[in-house]
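Asker: Below is the structure I would like to discuss, written out as structure tokens.
The values are calculated or read from the model by the stated rules, or taken from the named source; none is laboratory data. These figures come from a predicted structure and were not determined experimentally. Glycine gets a Cβ as well: all are built from the backbone with ideal geometry, and neighbour counts include every protein chain shown. Protein only, heavy atoms only, side chains kept; ligands, DNA and RNA dropped before computing areas. Shrake-Rupley method; radii C 1.70, N 1.55, O 1.52, S 1.80 Å.
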Amino acid sequence: MNKIVLVTGATSGIGRACALTFAEAGYDVIITGRRSDVLAEVADEVSKWNDVLPLVFDVRDAEACKKAIEGLNDKWRQIDVLINNAGLALGLEKEYEGDIEDWNTMIDTNIKGLLNMTRLVVPGMVHRNQGHVINIGSVAGDAAYAGGNVYCATKAAVKAITDGLRIDVAESAVRVTNIKPGLVETNFSNVRFHGDCDRADNVYKGITPLTGTDIADVALYAASAPKHVQIAEVLVLATHQASGSVIVRK
Ligand code: NDP
Ligand code: 8X3
């Protein structure tokens with residue numbers, strides 16, 4: 001029987017790449033996202049490699065998360081790897097000029113959404129004494145950068161929540177990883193700048209950014225490491241990027 005990975009936010013970017021990379025490596029894949037049409041397209045691609053189950057729900061909706069996970073049948077119930085990837089940044093305003101709705105969306109998605117999924121999936125892992133939680137944090141969680149304020153805070157929270165989980169499951173064989181990417185060219189900046197494509201493109205000008213697949217490869221490496229090896233945290237930057245705010249463009 002193949003191992004099972006659940007990837008949140010698999011309609012785009014890093015999540016989509018994780019779904020494809022893990023499927024190619026032999027996993028059956030549960031993919032989630034809010035856009036059913038796009039999720040169906042990704043399901044089509046993933047099904048070339050292995051079995052796939054698309055689940056449409058919003059990670060901010062605790063009841064919807066519960067319904068999705070508790071509704072899994074025997075084939076899908078025993079999740080081996082949970083990749084908490086769904087997330088977003090909104091805006092780059094100064095903290096004293098930021099949009100409170102944007103803040104709430106980031107906090108509800110990046111922190112509470114990740115907690116919703118963790119709370120539902122990890123008890124089964126602990127019970128089976130087997131499993132792996134891979135949270136997609138960010139270099140943004142290591143230090144704030146100009147205008148990053150609340151987004152950076154959500155990713156600092158992901159680090160604390162990941163470290164806390166690792167402590168809380170340490171008696172079991174469950175492993176917990178925080179992957180902290182730097183600049184990855186995905187839909188991330190289009191979302192951050194509310195569809196302003198020119199502004200989004202500028203983020204990746206003069207540097208070769210990471211791809212979703214670069215991050216998926218790191219996730220697969222962590223999941224494939226020998227059982228006694230726990231990849232606790234990985235910071236993955238583009239070459240010429242030294243931190244969240246030091247990027248040398250040529
Ligand atoms: P994308 O915008 O390309 O993908 C984001 C994914 O998250 C989409 O599949 C989207 O699906 C999903 N998503 C967003 N909100 C929700 C929600 N409320 N419920 C369910 N799914 C949701 O961005 P990335 O691939 O770049 O981002 C993935 C993760 O990587 C995020 O956590 C981000 O913070 C992190 N990251 C990104 C970096 C980058 O430079 N790109 C660097 C460091 C970290 P849908 O819209 O269908 O719901
Ligand atoms: C996404 C990377 O540097 O834009 O987390 O915050 S950054």
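Asker: Of LEU165, GLY206, VAL52, which is farthest towards the positive pole of the chain's charge dipole, taken about the Cα centre with +1 and -1 on the beta-carbons of Lys, Arg and Asp, Glu respectively?
Answerer: LEU165
Asker: Ranked highest first by average number of other Cβ atoms within 10 Å, how do 148-161, 100-113 line up?
Answerer: 148-161, 100-113
Asker: Where does helix 149-168 land angle-wise versus the long Cα axis of the chain, in degrees 0 to 90, nearest 10?
Answerer: Between helix and principal axis, roughly 30 degrees.
Asker: How far is helix 36-46 tilted off the main Cα axis of the chain, in degrees rounded to 10, range 0 to 90?
Answerer: 70
Asker: If contacts are Cα pairs under 8 angstrom and at least 6 residues apart, what is the relative contact order of the chain in percent? Before the final figure, lay out each step's value.
Answerer: On the way: 494 pairs, mean separation 49.5, N = 250.
RCO, the chain: 20 percent.
Asker: Tilt of helix 13-24 relative to the longest C-alpha principal axis of the chain, in degrees (0 to 90, nearest 10)?
Answerer: The helix 13-24 is inclined about 30 degrees to the chain.
Asker: With the full set of protein chains in place, find how many percent of the accessible area of the range 135-250 is carbon and sulfur; take the probe as 1.4 Å.
Answerer: Values: 3080 of 5500 Å².
Here it works out to 56 percent.
Asker: Also, quick follow-up: Which lysines have a Cα lying under 29 Å from the Cα of LYS159, excluding residues fewer than 8 positions away in the same chain?
Answerer: LYS3, LYS66, LYS67, LYS94, LYS112, LYS180, LYS205, LYS227
Asker: In addition: Add +1 for every Lys or Arg and -1 for every Asp or Glu among the other residues with Cβ under 12 Å from the Cβ of TRP49, and state the total.
Answerer: -4
Asker: Counting only residues 5 or more places away or on other chains, whose amide H sits under 5 Å from the amide H of VAL176 once H atoms are built in the peptide plane?
Answerer: Counting only residues 5 or more places away or on other chains, the set is VAL133.
Asker: Going by average Cβ density within 10 Å per residue, which order do the peptides 15-25, 205-215, 126-136 take, highest to lowest? Walk me through the numbers on the way to the answer.
Answerer: On the way: 15-25: 24.6, 205-215: 17.2, 126-136: 19.5.
My ranking of the peptides, most packed first, is 15-25, 126-136, 205-215.
Asker: Which one, VAL248, HIS132, LEU120, projects farthest toward the positive side of the charge dipole computed for the chain from Cβ point charges (K/R +1, D/E -1)?
Answerer: Highest projection toward the positive end goes to HIS132.
Asker: Would you work out the charge dipole size for the range 1-101 about its Cα centre, treating the Cβ of every Lys and Arg as +1 and the Cβ of every Asp and Glu as -1, and quote it to the nearest 20 debye? Show your work: numbers first, answer last.
Answerer: Working: 11 positive and 18 negative charges, 77 e Å.
For the range 1-101, the charge dipole is close to 380 debye.
Asker: Taking the Cα centre of the chain as origin, work out the dipole magnitude from +1 charges on Lys and Arg Cβ and -1 charges on Asp and Glu Cβ, in debye rounded to 20.
Answerer: Numbers: 25 positive and 31 negative charges, 117 e Å.
Taking the Cα centre of the chain as origin, the dipole is about 560 debye.
Asker: Excluding ligands, DNA and RNA, what is the solvent-accessible area per residue of the range 166-250 at a probe of 1.4 Å, expressed in Å²? The partial results should precede the final answer.
Answerer: Working: 4580 Å² over 85 residues.
It amounts to 54 Å² per residue over the range 166-250.
Asker: Roughly speaking, what is the centre-to-centre gap between the range 2-47 and the range 186-226 when only Cα atoms are used, to the nearest Å?
Answerer: Their Cα centres are 16 Å away from one another.
Asker: How far apart, in nm, are the 7 Å Cα→Cβ label points at TYR221 and ASP99?
Answerer: Here the answer is 3.7 nm between the modelled labels.
Asker: Additional query: For the pair SER245 and ALA160, how long in nm is the line joining their label points, each one 7 Å along Cα→Cβ?
Answerer: 2.1
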